[in-house]
């Protein structure tokens, strides 16, 4: 899917019927990638990018947590 972020893809899969456990796995992998990107942004001093990535990570973690409570 060109031009669509990993997060968008994960949400699309979730919204179109992928079982929650699969969505959580996909979202967790995306979050790992975002954490690596955030670390790199911090190393090179890209504060704006770091802030964006931290917000993305936080939002993704909240969605993962919400999905886990829905499946419990």
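The values are calculated or read from the model by the stated rules, or taken from the named source; none is laboratory data. Computed from a prediction, not measured in an experiment: that's the story for all the values here. Here the Cβ is made from the backbone with ideal geometry for all residues, glycine too, and neighbour counts use every protein chain on show.
When each of 28, 67 is tested for being closer than 18 Å to residue 8 by Cβ, part of a helix (DSSP H, G or I) and more than 12 Å from the chain's Cα centre (by Cα), the lone residue that passes is 67.
In region 1-30, the residues that are at pLDDT below 75 reach residues that are loosely packed, with under 12 Cβ neighbours inside 10 Å with C-beta atoms within less than 6 angstrom, at least six apart or across chains, in these pairs: 9/1; 20/71.
Counting just the residues of region 39-62 that are surrounded by 14 or more Cβ atoms within 10 Å (Cβ to Cβ), closer than 14 Å to residue 6 by Cβ and free of Cβ contacts under 8 Å to residues at least 40 places away in the same chain, which one comes out farthest from the chain's Cα centre (by Cα)? Selected residue: 53.
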